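Here's the structure we're looking at; comments come further down.
What follows is calculated from the coordinates using simple rules that are stated; it is not laboratory data. All of these numbers come straight from a predicted model, not from anything done at the bench. Cβ sites come from the backbone with ideal geometry, for glycine too, and all protein chains shown count toward neighbours.
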Amino acid sequence: MSSQCSCWETLQATRSSHKGQLSCHQDWLLRRQEILEESMSTPHLSTSSGWLLDYNLPHSHQNQLPSEKSILSSAPDHQLTTPQSPARNVKGSSPLSHGTRCQDEYHQAECVVLPPSQGIEVEGCIRMYEQLHSMRATQRLRQRQEEHERQVRVLSEVASQQLRRFDEEKSSQQQQHYQHLGQVIEESVQEAQGQQDKLQEEPGHRGQIVRLKLREAPQQSCGHLEQEGLGKDGGQERLRQSLCALQEEALQLNQQLQPKHQHEDLLTIQVSGHASRGNHLCALIADIIHTISQRGFPAPQDQARAQRALQEMRQLLNLLQQDIAKAKEEKAGPHQEESQDKQAQLEQQPTAQKDSPHPAQCPGGKLREDLPREAGDTTMQWYQQLQDAASQCTLAFEALANSKDQQSKKIKMELQKAATIPVSQISATAGSQLKEVFDKINNLLLGKAVPCGARTVSVTDHPQALDFVHYKLAEKFVKQGEEEVACHPEAAFPIALVAAGIWELHPRVGDLLLAHLHKRCPYSVPFYPAFKEGMGLQEYQKLLGYRVKDSKVEQQDHFLKRMSGMIRLYAALIQLRWPYSKRQGAHPHGLNHGWRWLAQILNMEPRPDVTATLLLDFLQVCGHALLKHYHLQFWKMLMLIKEDYLPRIEAITGSGQMGSFLRLQQFLDKCLQHGDIPLPKGSLPPSFWLS
């Protein structure tokens, strides 16, 4: 204990000496400013003093003498500032490690001997400070956690409120949108209803106007031309009136040229040829009037053409009257006695029998004259020319068709596929597909190589290949009308459009197409094949267009369906032009042939079921185009059908065949009532022509 006290005294004396207060630093020049600040600062304990106190005070407290305790207790209290021992912050440090550190830093530390009670107090203060600091830190941490939780709750409430507000705004916008849509739909429905009411009112008014025009046809036609000519030159107005008068006179002459019942026994006179020529001349004058209406003013050349046509009709009528008079004179001698006997027998018949109606009398009581049962000579000559051309074409490729050579057979099969497969691909869709089909067929006919399966084929592969392709292509077009159009009537327009384009560039295909059409459907000429002596029943039915297989004739509904398909194809063909063609010429088989067909069919006695069906099909497909082209003249034609031709059809139609007659009657009534003929089903839309 004495040695320990002496050690402390020695340390105290050394510290109080001048040398003990000196500090030696090798880098004092570099740390000059820092050393000066340290020398001027308040003295403080070393950072290792806590370990020194922890290690030395307990031992000194145990070995301290009572005298020393009294000395220490009597020593004045000093306010010392003891830094926190690092040993208290680092838990688990052993006393040995503390002692070792204290011994190493013993000579460097600035130590003071504290009384035991004061060391305990300092230790307690340190621990209290640590606890207080820990409590404050815990409290601050808890406050921060609570603040964080509060902010999270606030943000969650704000987010939920914004989400709820967004949902409300979205639902409100949707409701407003639905209300707006409902208003738009309601307005469109009201507008459509108003337009529909207006359209329903307008046809009635237009129908009344049309009926008034049809009742007063001559005066109406002249008056219409006068209204169009208001404000124009007086010479043009006079030309219009003159053309109108020429047209009326031509109609009257044409009526006189039609064959009459009393001329049927005059076998030496071919009155049907005069009637056919009269129909052509009437159609020519109607075309002149239509051209004038489109141009807006007449020309002297138009009047000259119309006068020439009228003069020819007058000559035809004079020839007809001379032939009739001559035939009557020749026949009067031998049959005069026979006619007198018949007259006597008629006078002896009972009065009741005289009062009974004649079979040729219309239901309304008006006597009607019988029409011829055969087509005119001009029509039959045209028909025969087309059939001869088809026969010559068949003979032209006979060697290729009947060849036994395998290479020729292969070429024939590939050519037939290349010609017929594109036609089979035509559908109701418009645009690039139809153009692609047209290009394939056109390239084949021009001699270019076209793909056929895995290889290519061309009409230059065989000398008779082009004739073969012409014939098979025309046959395929007609077959599509017979099969495809018969099942899907709307397909008539795309098929006819491609056929019209090919016809315009390759006229021979058009002639062969007509030949095939006339052979399969003689009503497209039109003519009704007559039964000849020595002809079998099945042979005659084939001439009429029926299919006969194993001595069995096809059913009537199948027959009418096929005929309707071909007539619809023909009616679509005469009104369409290929839109991509650069040629500006006339249609190779235009609407004038439609007028000719209609006039010819009305100049022949109708047939049960067939005539009404085909007439309805033709008017449904081509009626709108004919009305647009011929205007008032076509209305006259419809009135003629309704007032004169329908009673003829009704007179020969049985009770089980009234369906087609009633459909035709309803169609005519609807058209005349509305003053218009609707567009046909399947007609190509305006978007196709724009494309």
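Some observations on this one:
- Across region 493-597, C-alpha contacts under 8 Å between residues 6 or more apart give a mean separation that, scaled by the residue count, equals a relative contact order of 36 percent.
- Using the Cβ-Cβ distance between GLN190 and GLN673 with R0 set to 35 Å, the FRET efficiency from 1/(1 + (r/R0)^6) comes to roughly 0.85.
- Peptides ranked, highest mean first, by Cβ atoms within 10 Å: ranges 510-516, 568-574, 528-534: 568-574, 510-516, 528-534
- Multiplying the residue separation of GLN425 and ALA304 by 0.36 nm and removing their Cα-Cα distance gives an extension gain of 38.7 nm.
- Placing pseudo-labels 7 Å out from each Cα toward the beta carbon at GLU533 and SER655 gives an inter-label distance of 3.8 nm.
- Nearest-0.05 FRET efficiency for SER16 and GLU121, computed from C-beta distance (R0 30 Å): 0.65
- Summary of the geometry: region 614-670 and region 492-524, compared by the centres of their Cα atoms, lie 25 Å apart.
- Note on HIS558 and GLN322: their simple-model spin labels are 5.5 nm apart, each label 7 Å out from Cα toward Cβ.
- Under 14 Å from a label point set 7 Å out along the Cα-to-Cβ vector of ARG663, the amide N atoms of region 484-501 belong to 486-490.
- Segments 10-18, 416-424 sorted - mean Cβ within 10 Å per residue, highest first: 416-424, 10-18
- Shape call, region 555-643: gyration tensor on alpha carbons, a/c limit 1.5: oblate
- Relative contact order, percent, region 464-537 [alpha-carbon distance under 8 Å, six or more residues apart]: 31 percent
- Protection-proxy order for peptides 598-608, 549-559, each taking the mean of Cβ atoms within 10 Å per residue, highest first: 598-608, 549-559
- Between the alpha-carbon centres of region 372-436 and region 566-613 there is a gap of 20 Å.
- Neighbourhood charge, 11 Å Cβ-Cβ cut-off, centred on GLY659 and excluding it, Lys, Arg +1 and Asp, Glu -1: -1
- Here's how it looks for VAL457: its modeled amide H is under 5 Å from those of VAL450, CYS452, which are all 5 or more places away or on a different chain.
- Stretched out straight at 0.36 nm per residue, the stretch from GLN161 to LYS448 would grow longer than its current Cα-Cα span by 95.7 nm.
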